[in-house]
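Working notes for the structure below.
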Amino acid sequence: MTNDARPIWVLGGGGVAGIAWEVGILTGLADEGVTVAPEAVLIGTSSGAVVGAQLASGTPLADLFERQRGGVAHETSPAPGLLHLLRLARAQLFARSPEQAARRLGRLALAARIDDPSRQRRTAEARLPNHAWPDDVDLRIVVVDTGTGASRTLTRHDGVPLVDAVAASCAMPISAAPVSIGDRRYMDGGMRSTLNLDLAPGNGPVIALAPSTAAIGPWARIDKQRAALGTGRRVELLLRDPASKRAQGTSVMDRSVVPALVAAAREQGRREAPRVAAALSTASHP
């Protein structure tokens with residue numbers, strides 16, 4: 001373990017609803033004076049990649065909140081149907097490793113006929129207020145290789161356009177086309193884990209926002225990933241409270257719930273502020 005004690009914000013996946021919930025939580029925390037420090041590391045998976053990129057853009061949280069509260073007409077991704085979900089679940093049965101499960105999911109992703117392959121990138125463009133990687137924020141975006149099943153964490157140093165990185169991290173198999181980066185094709189980072197908590201570097205405090213607790217396999221369970229960080233590490237995990245669950249409803253891709261959900265999440269963020277602030281107080285600042 002390194003001596004890097006910077007705070008880490010782990011932003012998990014959860015569809016259109018996940019974006020709204022995370023923006024709401026962060027806004028509520030900010031209302032109480034708890035903010036993401038400039039030196040913090042942001043690790044985003046799927047919808048968390050969107051929120052991480054939005055935060056890193058320097059756009060005020062108040063603006064991000066109002067954008068969600070006003071509705072998100074740019075969100076056009078259809079909700080996965082039951083057959084879709086069953087195919088994804090079947091691909092993961094009896095997998096012995098995250099890579100094996102992801103390779104199976106990758107085959108589904110590559111074989112799917114997508115009516116509009118460019119939609120994924122257009123949606124990513126619409127979601128991001130700035131399409132350039134920030135120079136002064138340590139933003140990391142998790143994607144999964146459709147061929148090898150290996151995860152990859154993209155940063156500004158990889159030379160990959162930010163829009164492509166975010167689009168890849170949100171490319172759910174069957175629903176969206178994988179994104180080409182170099183000579184490889186990548187899909188949703190949530191195909192490794194919806195949270196990827198265990199990718200938190202260093203030994204600083206970790207604040208993890210988990211709009212979804214779904215686990216692809218035992219390796220992706222939040223408790224297992226938490227244990228991988230060690231017992232001495234300060235980790236605060238934020239999950240949807242009952243009010244946010246009610247506001248969200250049953251579909252993570254239903255854009256109609258976004259205004260109510262972001263408002264409910266803001267109230268939850270205000271209530272969560274004391275424990276998050278206590279955790280962040282243990283961080284060392286360069």
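The values are calculated or read from the model by the stated rules, or taken from the named source; none is laboratory data. All values reported here derive from a predicted model rather than from experimental measurement. Counting neighbours? That spans all protein chains shown, and the Cβs are built from the backbone with ideal geometry, glycine included. These accessible areas exclude ligands, DNA and RNA; they are computed on the full protein's heavy atoms, side chains included. Shrake-Rupley method; radii C 1.70, N 1.55, O 1.52, S 1.80 Å.
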Strands (runs of 3 or more DSSP E) contained in segment 84-200 and holding at least 1 residues farther than 20 Å from G18 by Cα and among the small types (G, A, S): 151-154, 179-181
When restricted to T45, T2, the only residue of a type in the set (V, I, T), surrounded by fewer than 15 Cβ atoms within 10 Å (Cβ to Cβ) and either modelled with pLDDT under 95 or within 20 Å of A220 (Cβ to Cβ) (or both) is T2
Being part of a helix (DSSP H, G or I), more than 18 Å from P134 (Cβ to Cβ) and either acidic (D, E) or touching a strand residue (DSSP E or B) at 6+ places or on another chain (Cβ under 8 Å) (or both) is the requirement here; does E75 meet it? no
Are any residues in segment 140-179 within 19 Å of V10 (Cβ to Cβ), without any contact (Cβ under 8 Å) to a residue 40 or more places away in the chain and open to solvent by 20 Å² or more (accessible area, probe 1.4 Å), and if so, which ones? R152, T155, R156
Considering only segment 119-139, how many residues are over 27 Å from I216 (Cα atoms) and either open to solvent by less than 30 Å² (accessible area, probe 1.4 Å) or small (G, A, S) (or both)? 5
Those residues of segment 216-261 which are among the polar types (S, T, N, Q), farther than 20 Å from W9 by Cβ and either assigned to a helix (DSSP H, G or I) or free of Cβ contacts under 8 Å to residues at least 24 places away in the same chain (or both), in sequence order: T231, Q248, T250, S256
Among S251, S212, which is the only one that is among the polar types (S, T, N, Q) and within 21 Å of G52 (Cβ to Cβ)? S212
Which listed residue, of L61, L82, is touching a helix residue (DSSP H, G or I) at 6+ places or on another chain (Cβ under 7 Å) and open to solvent by 10 Å² or more (accessible area, probe 1.4 Å): L61
Among the listed residues G52, G12, G71, identify the single one that is touching a residue at least 12 places away in the same chain (Cβ under 8 Å), open to solvent by less than 40 Å² (accessible area, probe 1.4 Å), on the phi > 0 side of the Ramachandran plot and not β-branched (V, I, T). G71
Hey, could you check segment 220-247 for residues that are of a type in the set (A, V, I, L, M, F, W, C), out of contact with any Ser or Thr (no Cβ under 7 Å at 6 or more places or on another chain) and closer than 28 Å to F94 by Cβ and say which is surrounded by the most Cβ atoms within 10 Å (Cβ to Cβ)? L229
Selection within segment 5-26 - of a type in the set (A, V, I, L, M, F, W, C) and either at pLDDT below 95 or out of contact with any Pro (no Cβ under 6 Å at 6 or more places or on another chain) (or both): A5, I8, W9, V10, L11, V16, A17, I19, A20, V23, I25, L26
Filter segment 180-207 down to residues that are within 15 Å of V163 (Cα to Cα), open to solvent by less than 20 Å² (accessible area, probe 1.4 Å) and of a type outside the set (F, W, Y), then give me how many there are. 4
When you check E66 against the structure, is it assigned to a helix (DSSP H, G or I) and either at pLDDT 95 or above or over 15 Å from I207 (Cβ atoms) (or both), yes or no? yes
